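Shown next, in structure tokens, is the structure this report addresses.
The values are calculated or read from the model by the stated rules, or taken from the named source; none is laboratory data. The structure presented is a predicted model; accordingly, all values stated were derived computationally and were not measured. Protein only, heavy atoms only, side chains kept; ligands, DNA and RNA dropped before computing areas. Shrake-Rupley method; radii C 1.70, N 1.55, O 1.52, S 1.80 Å.
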Amino acid sequence: MKSIKAALIDATLNTVETLVGHLPDPAPDPLRNAREFIGKPYPRVDGRLKVTGQARYATEHPIAGMTHAVVVHSSIAKGKISHLDTQAAESVPGVLAVMTHRNAPRMKTPETASLFNPVAGSNTSVPVMQSADITWNGEAVAVVVAETLELANYAAGLVGIRYEEEPAALSLEAEKGNATIPTLVVTQSPEVNIGDAKAALAVAPVVSDQEYETPWQNQHAMEPHASIAAWMGKDQLLVYDSTQSPPGVQHNLARMFDLKPEQVRVVTEFVGGAFGGKVAAWSNVPLAAAAARLVGRPVKLALSRAGVSMVVGGRTLTQQRVALGATLDGKLTAMIHTGYGMRTTKDVWAEQYTFPIRHLYASPNIHVLQKVVRLDRVQNSYMRAPGETPGSFALESAMDELAHKLGLDPVELRMRNEPDKDPTHGTYFSSRHLREAYALAAGKFGWDPQRPEPGTQREGDWLIGTGVATAFYPVQQLPVTIKARITADGHVEVSTSSIEMGVGLATVQTQHIAERFGVPYERARYLHGDTDLPMSQASGGSAATSSVGAAIHAAADKLTEKLLKLAQRNKQSVLRGVKRKNVELRAGGLYRLDQPAVGESYEQLLGASGQAFVEAEGSVPASALVLNMKTSMASYGAHFCEVRVHARTRQVQVRRFMSAFDCGRIMNPQTARSQIVGGIIMGIGMALMEEAVYDERTGRLMTPSLGEYHVPVHADVPEFEVYFLDEPDPVMPMGTKPVGEVSIVGTAAAVANAVFQATGIRVRHLPITADKLL
Amino acid sequence: MTTTFPINPPAPAALLLPEPGPVTLHVNGQSIALTIAPWTTLLDALREHAHLSGTKKGCDHGQCGACTVLMNGTRINSCLSLAVMHQDDEITTIEGLAHGDELHPLQQAFIDHDAFQCGYCTPGQLCSAVGLLSEGHARTAEEIRELMSGNICRCAAYPHIVSAIQEVMHAQPLRP
């Protein structure tokens with residue numbers, strides 16, 4: 001039985017979907033097949049700065065009078081600080097303050113950002129250092145500010161704290177009985193029922209019904225979370241922050257310090273990696289601003305690597321059940337995907353691990369249900385392809401298990417269940433070329449549909465196996481506003497607060513600007529990373545390229561009209577009297593469509609009017625945010641991998657990885673390949689080594705350094721081949737679809753499936769360490 | 001149940017700290033005079049005191065390699081070494097690899113091969129690769145991967161880093 005609340009939410013979602021269904025399809029972008037700049041492997045616009053050490057990250061902006069802050073973390077999970085001894089730390093010459101809940105400036109409780117309220121800019125609604133209360137092990141309990149980093153580090157070790165400890169919920173397994181159903185999973189219902197999956201499963205001739213577990217994982221971007229905060233008088237705050245969302249940080253700080261957003265400026269020139277960990281502010285950011293207010297000087301606060309693990313939330317651990325029923329010829333008759341993730345007392349963020357099954361396979365009977373378990377731990381949060389990544393491990397492992405039971409090629413099983421329409425929404429796909437991706441990658445890989453029995457291929461001491469899995473990541477759009485300016489010397493400059501965290505956004509948008517406005521690449525410029533510029537929300541969800549692109553498109557349309565008006569006012573203009581629908585931006589000016597040689601350059605248009613520039617703002621229309629409710633829109637991919645497992649030591653190595661992707665139009669094959677390869681390698685890390693271990697008695701993180709939490713290094717990396725179908729999506733700006741996250745999805749399953757074929761051992765609990773293969 | 005849990009440890013008395021003293025470093029051909037605490041790491045001396053922020057701090061534990069610099073041509077983790085120990089050494093950082101506007105061949109190869117994304121580990125990867133080439137031990141891609149494994153790249157530009165190094169390695173005359 002559904003609760004009244006759940007029924008209301010379902011009704012609301014259905015109404016929204018019906019309304020969205022009546023929205024007109026956006027006109028295809030004329031640039032979706034453009035090839036002068038788009039689609040070429042331009043080197044990164046910031047490459048020279050990055051290879052010469054001149055790119056400035058958050059804490060590398062020199063400010064006079066800088067001080068240094070170091071965080072002290074709680075050593076209990078739940079309770080109260082009963083005793084604080086800061087005297088020894090304060091007595092160190094050069095220490096300026098020991099900030100604790102006793103003397104921290106008053107800060108309002110932050111508001112949790114969501115898709116519906118992204119500008120809230122915080123990852124949690126836990127108050128920051130405002131009381132003696134402790135809500136997780138590792139929470140910041142003191143910030144030591146000193147003249148030098150050395151003194152701050154030393155004095156941080158002198159802060160004495162005692163606690164009154166209270167019982168805490170620390171084990172997902174132990175707390176499962178108290179699990180609840182979240183209100184929403186991102187924008188979707190936590191429950192889906194189509195047909196009667198339980199009944200269909202009971203009578204299915206072939207069944208795979210298993211539980212899968214994925215551990216807590218940390219993003220571990222190479223640049224730790226770091227900020228500089230400087231107050232200009234009492235009510236102007238300047239912050240350099242390593243964030244995916246300068247406007248989010250701005251609004252969060254404005255709220256917490258009771259300022260107007262325009263009193264806070266956040267600058268983010270470069271971000272040293274993020275992977276979802278910097279989507280919104282963690283407590284380190286307001287703590288830097290509070291410490292700066294307390295000492296009356298600029299404060300630099302960079303979390304230690306351990307501090308990043310404790311203050312920044314990673315990917316929730318999950319326990320998932322995937323049950324698949326099929327006919328003897330491999331047609332799915334039932335699909336069930338249920339499971340548990342964590343939440344905290346204050347905030348529920350249910351990671352969408354059931355999203356892949358909602359869109360990937362045709363089945364008349366589908367049951368999906370997500371539950372959350374309240375734990376007293378750091379807030380779980382976003383990490384590269386949240387949801388799809390752990391969910392695809394379970395689903396794509398289950399598909400492999402089913403194929404094995406059927407005695408069917410796992411590629412063929414997927415092809416037999418490829419849907420015509422979205423399986424849970426019933427909507428049509430804007431573009432879906434998964435079959436072509438499989439065909440391409442299988443051919444390149446040399447896939448053998450009649451592989452030998454698991455555990456039978458051997459080269460010397462090594463067992464060899466191959467595996468496949470499907471990659472999937474849905475289209476999202478982000479609220480973006482940009483300003484585009486055409487200058488009288490024929491340059492085009494686009495500016496927005498959006499950031500560049502290494503995905504290549506600044507480079508591909510420079511290509512896009514050159515293409516959209518028809519100017520040479522050197523005359524196109526993309527400015528970003530400052531809240532003084534028009535507001536772009538967080539960069540994330542693999543949506544920045546299309547969202548910023550759509551806003552640039554909108555501004556270009558407005559500028560076309562403005563330029564035409566200039567021409568209309570000029571009696572000599574060859575464009576006088578020409579209609580809007582008969583002109584376009586091209587070849588560095590405004591030209592007629594019916595007579596392509598007739599038109600005027602930007603220099604001529606602006607020169608004749610005596611204007612130095614013409615500019616316009618462009619925004620992503622609100623309807624774009626929900627377009628994927630009208631049409632099923634996603635990127636897809638096919639992963640093929642080969643592993644070898646040492647017969648005695650059980651060491652696993654990935655030897656070859658080949659993937660083909662339907663990611664729509666590729667803006668820049670070089671930066672796109674880098675994104676894809678990076679995601680696959682992070683997926684290999686997930687498969688083989690990444691696991692944050694918590695002591696379930698104390699809630700203490702036992703893997704606070706890169707010595708305990710292993711991430712892939714050079715030696716872990718196989719030979720890669722990556723192929724793009726490069727088919728433009730008919731609906732999306734420039735024909736693009738998501739690139740940044742799709743490739744991690746399915747990777748861990750491809751590796752696990754290959755390990756099964758090598759050894760005959762099915763590992764359903766990541767990571768696949770040697771002990772699980774004994 | 002309420003218990004008293006006496007950690008973080010009761011505050012020890014502050015030690016009488018040694019005074020900051022003069023330390024002279026030779027970085028990228030220039031002498032830099034600093035007044036720093038004797039326990040200041042070479043990394044913090046470069047980043048926070050000499051304002052050469054091209055060298056990055058990723059872990060401060062010698063686990064990630066972002067802080068790699070060259071000491072008399074040998075690659076070291078600058079976070080695991082004290083500045084005061086290096087007054088007689090020639091230190092080369094990322095800021096010292098190019099000759100004026102002319103990039104080091106590895107810097108150019110990193111751009112050409114898209115051997116980075118966010119760029120934060122890049123100075124360490126580059127200094128490490130310069131050290132690797134002068135060591136002369138690596139010949140194959142596998143050897144490069146093994147001997148570059150002290151430099152973590154979370155964006156995982158690894159295959160492109162290796163191809164960039166290979167290009168420069170094969171353009172160089174082999175060492176005798």
Along each principal axis of its Cα atoms, how long is chain A end to end? Whole angstroms, biggest number first, please. 83, 74, 59
Please work out the Cα center distance from region A:91-111 to region A:735-759, rounded to the nearest Å. 45 Å
Eligible lysines near A:LYS278 by straight Cα distance, threshold 22 Å, same-chain separation 8 or greater: A:LYS50, A:LYS108, A:LYS300, A:LYS346, B:LYS56, B:LYS57
Largest first, how would A:ARG697, A:ARG516 line up by accessible area (1.4 Å probe)? A:ARG697, A:ARG516
Indicate the helices, whole DSSP H runs only, in chain A that combine a mean Kyte-Doolittle hydropathy of -0.5 or more with a Cα extent along their long axis of 30 angstrom or more. A:544-569
Considering amide H positions built from the backbone, and no H for Pro or chain starts, which residues 5 or more places from A:GLY589, or on another chain, come under 5 Å of its amide H? A:TYR602
What do you get for Rg/Rh of region A:154-306 when both radii come from the Cα atoms and Rh is the Kirkwood radius? 1.14
When the helix-only estimate is applied to chain B (DSSP H runs of n ≥ 4, each -39,500 (n - 2.57), divided by the residue count), what is the mean residue ellipticity at 222 nm, nearest 500 deg cm²/dmol? -7500 deg cm²/dmol
For chain A, what does the helix formula give at 222 nm: sum of -39500 (n - 2.57) over DSSP H segments with n ≥ 4, over the residue count, nearest 500 deg cm²/dmol? -8000 deg cm²/dmol
Which percent of the accessible area of region A:478-619 is formed by carbon and sulfur heavy atoms (probe 1.4 angstrom)? 50 percent
Mind checking which aspartates and glutamates have their Cα closer than 12 Å to the Cα of A:LYS78? Skip sequence neighbours fewer than 8 apart in that chain. A:ASP133, A:GLU139, A:GLU164, A:GLU165, A:GLU166, A:ASP376
Report ³J(HN,Hα) in whole Hz for each residue of region A:229-240, in order, from the Karplus equation J = 6.51 cos²θ - 1.76 cosθ + 1.60 where θ = phi - 60°; Gly and Pro get x. 10, 9, 8, 9, x, 7, 10, 10, 10, 10, 10, 9
Quick one: accessible surface of A:VAL372, probe radius 1.4 Å, all protein chains present, in square angstrom to the nearest 10. 10 Å²
Ordering A:ARG586, A:ARG44 by how much accessible area each has at a 1.4 Å probe, largest first, what is the list? A:ARG586, A:ARG44
Compute the acute angle (0 to 90°) between the alpha-carbon long axis of helix B:158-171 and the principal axis of greatest extent of the alpha-carbon atoms of chain B; round to the nearest 10°. 50 degrees
Ordering A:THR698, A:THR560 from largest to smallest accessible area (1.4 angstrom probe), what's the sequence? A:THR698, A:THR560
Distance in Å, no decimals, from the C-alpha centre of region B:115-176 to the one of region B:57-111 is 14 Å
If you average the sequence gap of Cα pairs under 8 Å that are 6 or more apart and divide by the length of region B:18-98, what percent do you get for the contact order? 35 percent
B versus A: buried accessible surface, summed, Å² (probe 1.4 Å, to nearest 100): 5700 Å²
So, taking all protein chains as they sit and a 1.4 Å probe, how much accessible area belongs to A:LYS483, in Å² rounded to tens? 60 Å²
Any chance you could give the angle, 0 to 90 degrees and rounded to 10, that helix B:122-135 forms with the longest Cα principal axis of chain B? 60 degrees
Carbon plus sulfur fraction of accessible area for region B:1-140, probe 1.4 Å, in percent: 57 percent
What is the count of Lys pairs in region A:478-619 whose alpha carbons sit under 16 Å apart, if the two are 8 or more places apart or on different chains? 9
Solvent exposure of chain A as accessible area per residue, Å², 1.4 Å probe: 34 Å²
Please report the spacing between the Cα centers of region A:112-138 and region A:443-487 in Å, no decimals. 36 Å
Can you pull the accessible area of B:MET85 for me, 1.4 Å probe, Å² to the nearest 10? 120 Å²
For A:MET342, distant residues with modelled amide H under 5 Å away: A:LEU317, A:VAL373
